[in-house]
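The values are calculated or read from the model by the stated rules, or taken from the named source; none is laboratory data. If you're wondering where the values come from, they're calculated on a predicted model, not measured in any experiment. Every residue, glycine as well, gets a Cβ built from its backbone with ideal geometry; the counts of neighbours run over all protein chains shown. For accessibility, only protein heavy atoms count, side chains too; no ligands or nucleic acids. Shrake-Rupley method; radii C 1.70, N 1.55, O 1.52, S 1.80 Å.
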Amino acid sequence: MKPGLRILAFLFLLIAAFTTIGKAKTRIHIWHQMLYENRKALREMCDRYEAEHPDIEISLLYRETEELRSNYQSSAMGGSGPELIYGPSDQVGPFSTMGIIKPLDDVFEPEFFKGFVDNAVVRYKGKIWMIGDVMGNHLMLLYNKKLVKSPPENTDQMIRIGQALTKDLNGDGKIDQYGLVWNFTEPFFFVPWVGGFGSWLITDDGRPNLNTQAMVNAFTFIKSLRDDYKIIPRESDYEIANAMFKTGAAGMIINGDWSLGDYEGVVDFGITRIPKVSATGLWPTPMVSTKGYSINVNVTGELLDKCADLIRYLTSDEVQYYYASKLNMQPSSIAALKSPVVTENEELRESAKSIEVGRPMPVQPEMRAIWDALRTQYQAVLGGDKTPEEAARLSQLNAEKQIRDMNDILKPGPSVIFIKWIFPLLLVILLGFYRKQIVLFFRDFRQQKFAYYMLLPAVIGIFSVVIFPFLYNILLSLSNFSLRTFQNWQIVGFQHYWEVVTEARFYGILLKTIIWTVVNIVFHVTLGVLLAVLINRTLPAKKTLRTLLIIPWALPQYITALTWRGMFNQEYGSINLILTKFFHLTPIQWLSQPFEAFSACIITNIWLGFPFMMVIALGGLQSIPQELYEAARVDGASRFQQFRKITLPMLKPVMIPAIVLGIVWTFNNINVVWLVSNAGEPSDQTHILVSYVYKAAFNLYRYGYGAALSMVIFLILLVFGIFFMKKTKATGTVL
Amino acid sequence: MKNKKIETWGIFLLLTMFTLLTIYPAIRIISVSLRTDNAFQTKSLAFLERGEAFKDENGNGVWDQGEPFEDNNHNGRRDAGSGFKSYIELFTKTDFLRWAWNSFFVTFMVTLTGVVLASTSGYALSRFQFRGKQLTMLSLLTTQMFPATMLLLPFFILLSKLGLINSYLGLIIIYSSTALPFCIWQMKGYYDTIPASLEESARLDGCSQFGAFYRIILPLSSPALVITALFSFMASWNEYVVANIILQDPDLYTLPLGLKSFQASLSTQWGLYSAGAVIVSIPVTILFISLAKYLVSGLTMGSVKG
């Protein structure tokens, strides 16, 4: 054996040895979406289990709810993924429809399920899919005891207390303290009122039920709280509401049981039900859901038994007592609910009262479409674009349409034959046509070895990464891959493309995307070049300024975008504070009007993007020989002439790649729009094409449609790219 | 001369004002990271908050529900005041240092790959006429055109087939290949501004093809190399979406993944999250400061007569 081979063999043995040692312990992975404090408690519980079962090792992975879902979907589809997945009950609908979790009926004996309250055993289509360890996730009314002496029992009292609390404390004409705040623009935080007005958003057999008088009344009620009684701020999202309640700027807040721990030690607060609706005499119905464990469909045999045993432990009374006493979580086991740990805990007792009037969170996958349709129309009512009646009618219509789209299984059309036969044929013809070119390429290769050797490593690397996903996407775009065909999709033809180009909405969003791109790039480049030219001269504190100016680039985008969102808040955002204080302008409703919200996204992105262009321009300026300027000065050229005749043309070759790629990136920049407008708010009117793709693909599980739409985006940019290359070749950037 | 001085100070003032506007959101983030009550938004423009005294009836050192306190500003709650609590927690109670180390490793590899491969390929594209050149340039551009979110599923499938899930190799390859197209284009653009006569004379003096590139052209291209390095660095340092699907083992987390784990829908550890973000931006700033002097060299030695 050669020494190299011997080393290899040794390494191989070593690895093999390690893997066998690893096999002695069974590793069970749990993916969960628990809150920060709860994660520590879960880890502690798992440590206890590991101590008792030395053959088991539990690995925990946290992901935010939506990411948990999409990550789990892709891994389970690829035949891997964690053994156990923990999350809210509404993931059962999609996961079981996709066939990526196991029914639990055969894993546990029927007696086991009887130990839990009914809602904690999550059933869908006649089978059990999840077993919960906590109940709740429900909304309640929390009040600041210093400001609210006795909590309201009905909405009339709530309005009265609210009006007494809503005041301008320092006499500057701006309200400093509100009666009530909450994340009222989000449907989840709105639907309790629908129940309070006497109906519910989904029928028992899973159909949307949005066009009801109760819905109209609930819309009108929220609007009147804001516009007539003025006890809630005009704009408020979750974080603003949260901060206002924490800082005593609001007397009451509607928030979920998850938030209690966060307020402890910050506000002296009390808990009560959301007040009864005076007009109907009914209690609002917060959604109550369980969170619990499901088993990956790929788990079988001995491992399945081990997982089942772990679930038994993690949902046992022992663990539930711990959660109840440490985290104030409502247990799901009937025995645990009766124990003094729970009955003597004041917070749990009060919060249980809200659960009594609540309604279970629907688990059907169709809920996605209902939420989405409701969100759009509800926000249109709040923005004043639609009457409550119209909105109720439209939300029903849209929900029905989206459900149809979501559940639709496309059948292969006639174009499949074309794709199957003519595509490959076309490819062969093309190859034949370009044969000469290819031969010439190989001849050229031998002559220009140096150039090719310099180039090829990068090119091969890039394309080996990109080519498979790209082809895969073409395949997806021609397929019926969606919620119902998750495991067995097939090629169906060009239907999705047809749908994309015949939809009127597509052109509106395309136009918006183009405006978005042009405005952003113009500002990025002008600001960048201007700043670079200004800062490139002799200046005091030049280095400091230069460094400070790249800070927008240096900070992680996912936090700066959220900061900007906060700064755009109508009443408390710094931007409006500055506008009103120093310029005496009326505050702008940045986030609840479509045009303003879109402008807010653009402003944020301009801020994020100019430092990059500035750095590129700074680099480019160094390549301009000073002699050129000297000569120009001798010839008596003005400063502006020098800039136009020397600086700009000389910057061009360096700036052009940045500009072209800047255009492509901006066109496809999803982060800023998504974070600043909170996924397209208000009413999905701030979307650019990519965010729209993302929403279509991941919100309604229409992967095929999403893939087709992204192919269209790609083709648009490709046309732009080719046009651009032709153009620059004509002007000759190659020396 | 006097005119010139006024102009300089005018520009200085203008730039200072613009800079202040620019760093304002960053200051907000710092302010959030110093808060002790885990709130992200605030209704005031104040940077710091004054703490209020309280009576510690059970002597546990923190204010508990129901303990009396001084409410100096009458807002109905005890203001906890600003402090370094989040920073201390970040370093002592989380795996921040491990994430930082992981991130440094990945980012270093990506930056190295980026600089080496972009400088060579850019050179080939700038100096040589060969078949497929325009096509290469265009297809480099096209790799950036596809909406990245739709590529995630196929990426995942590809990498899990190759066994590159939970491996830095997969991450480094993807990061490099996403950063390279821009870097190559940008290096090529810069090389284009350097007259070819320089290498020709070097070749006449007996330099090899590679030697002419390495000894003559590369040192002159430092501004472009700096940009390439900075860009590759940024492409991996703050990248979240791809890392999110590839790294499924908390021990392998990079900084963005670690920081995002402080975020949960409707319940985020804002103090930790923003403290982390502030610290994450420090290496970028240091890198920029240390590279900035190369950004302003290159052809300034007057070696070139165009």
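Quick check: at a probe of 1.4 Å, how many percent of the accessible area of chain A sits on carbon and sulfur atoms? Taking all protein chains in place, chain A shows 63 percent carbon and sulfur surface.
Counting, for every residue in B:128-136, the Cβ atoms of other protein chains within 10 Å of its Cβ and taking the mean gives 6. For the pair A:Glu44 and A:Ser59 in one chain, pulling the backbone fully straight at 0.36 nm per residue adds 4.2 nm over the alpha carbon distance.
For chain B, excluding the exposed loop sites themselves (GluC sites (Glu not before Pro), DSSP loop, at most 13 other Cβ atoms within 10 Å), the longest remaining stretch covers B:71-306. Pairs with C-alpha atoms separated by more than 22 Å, drawn from the list A:Lys223/A:Lys386; A:Lys652/B:Lys133; A:Lys40/A:Lys246; A:Lys25/A:Lys291, are A:Lys40/A:Lys246; A:Lys25/A:Lys291.
Rounded, prolate or oblate: pick one for the stretch B:93-299, where a ≥ b ≥ c are the square roots of the eigenvalues of its C-alpha gyration tensor, a/c under 1.5 means rounded, and failing that, prolate if a/b is larger than b/c, else oblate. Here the stretch B:93-299 falls in the prolate category. Amide H to amide H distances under 5 Å link A:Phe116 with A:Ile334, where only residues 5 or more positions off or on other chains count and H is placed in the peptide plane. When DSSP beta bridges are restricted to pairs lying wholly in the protein assembly as shown, around 70% turn out antiparallel. For chain B, the membrane-span-like helix rule (DSSP H, alpha carbon extent of at least 27 Å along the helix axis, mean Kyte-Doolittle at least 0.5) picks out B:2-34, B:96-127, B:168-192, B:270-295; this says nothing about an actual membrane. When chains A and B come together, the accessible area they lose, probed at 1.4 Å and totalled over both chains, is close to 12400 Å². Only protein atoms count toward the accessible area here, which uses a 1.4 Å probe; on the stretch B:93-299, the carbon and sulfur part of that area reaches 67 percent. Residues A:Lys306, B:Lys5, A:Lys25 ordered from highest to lowest accessible area at a 1.4 Å probe: B:Lys5, A:Lys25, A:Lys306. Across the stretch A:567-581, rounded Karplus estimates of 3J(HN,Hα) from the backbone phi angles (6.51 cos²θ - 1.76 cosθ + 1.60, θ = phi - 60°) give 5, 8, 4, 4, 9, 10, x, 4, 5, 5, 4, 5, 4, 7, 6 Hz, Gly and Pro being marked x. Treating the angle as unsigned and between 0 and 90°, give the value, to the nearest 10°, between the Cα long axis of helix A:301-314 and the longest Cα principal axis of chain A. Helix A:301-314 and the main axis of chain A meet at about 60 degrees.
What whole-number distance in Å separates the alpha-carbon centres of the stretch A:354-391 and the stretch A:73-131? Each part reduced to its Cα centre gives a spacing of 26 Å. Take the Cβ atoms of A:Lys542 and A:Gln642, set R0 to 22 Å, and the FRET efficiency comes out at 0.60. Counting only protein chain heavy atoms and rolling a 1.4 Å probe, the accessible areas of A:Asp118, A:Asp55 rank, largest first, as A:Asp118, A:Asp55. Its relative contact order, with pairs defined as Cα atoms under 8 Å and 6+ residues apart, puts the stretch B:93-299 at 33 percent. If you plug the beta carbon distance of B:Ile282 and B:Asp205 into 1/(1 + (r/R0)^6) with R0 = 45 Å, you get a FRET efficiency near 0.50. Per-residue ellipticity at 222 nm, computed for chain B from helices alone with -39500 (n - 2.57) per DSSP H run of at least four residues, works out to -20000 deg cm²/dmol. May I ask you to list the GluC sites (Glu not before Pro) in the stretch A:51-152 that are in a DSSP loop and have at most 16 other Cβ atoms within 10 Å of their Cβ? Passing both the DSSP loop test and the Cβ count: A:Glu64.
Annotation: A:Leu579 carries an accessible surface of approximately 30 Å², with a 1.4 Å probe and no ligand, DNA or RNA atoms counted. Placing a pseudo-label 7 Å from each Cα along the Cα-to-Cβ vector at A:Phe441 and A:Ser278 gives an inter-label distance of 7.8 nm. The value of relative contact order for chain A, using C-alpha pairs under 8 Å at least six residues apart, is 14 percent. Counting only heavy atoms of the protein chains and using a 1.4 Å probe, A:Asp309 has close to 60 Å² of accessible surface. Note: relative contact order over the stretch A:352-419, using C-alpha pairs below 8 Å and six or more positions apart, is 30 percent.
Partners of B:Lys188 within straight-line reach, counting aspartates and glutamates whose Cα lies under 20 Å from its Cα and excluding those fewer than 8 residues away in the same chain: B:Glu199, B:Glu200. Counting Lys and Arg as +1 and Asp and Glu as -1 over every other residue whose Cβ lies under 11 Å from the Cβ of A:Lys276, the net charge comes to -1. Which pairs break 22 Å Cα to Cα here: A:Lys542/B:Lys2; B:Lys93/B:Lys260; B:Lys55/B:Lys93? From A:Lys542/B:Lys2; B:Lys93/B:Lys260; B:Lys55/B:Lys93, over 22 Å: B:Lys55/B:Lys93. Going by a ≥ b ≥ c, the root eigenvalues of the Cα gyration tensor, does chain A fall in the rounded group (a/c under 1.5), the prolate group (a/b larger than b/c) or the oblate group? Here chain A falls in the oblate category. Ranked from largest to smallest solvent-accessible area, with a 1.4 Å probe on the protein heavy atoms, A:Leu382, B:Leu21 come out as B:Leu21, A:Leu382. Counted by Cβ distance under 11 Å from A:Thr580, the other residues give a net charge of 0, where Lys and Arg count +1 and Asp and Glu count -1. Applying 1/(1 + (r/R0)^6) with r as the Cβ-Cβ distance of A:Phe506 and B:Leu21 and R0 = 51 angstrom yields a FRET efficiency of 0.90.
Residues whose amide H lies under 5 Å from that of A:Val288, counting only those 5 or more places away or on a different chain, are A:Arg359, A:Met361; hydrogens are built 1.01 Å from N in the peptide plane. Per residue, the solvent-accessible area of the protein assembly as shown (1.4 Å probe, heavy atoms of protein chains only, all protein chains present) comes to 42 Å².
When the Cα gyration tensor is reduced to axis lengths a ≥ b ≥ c, the ratio a/c is 1.5 or higher for the stretch A:497-731, and with a/b not above b/c it is classed as oblate.
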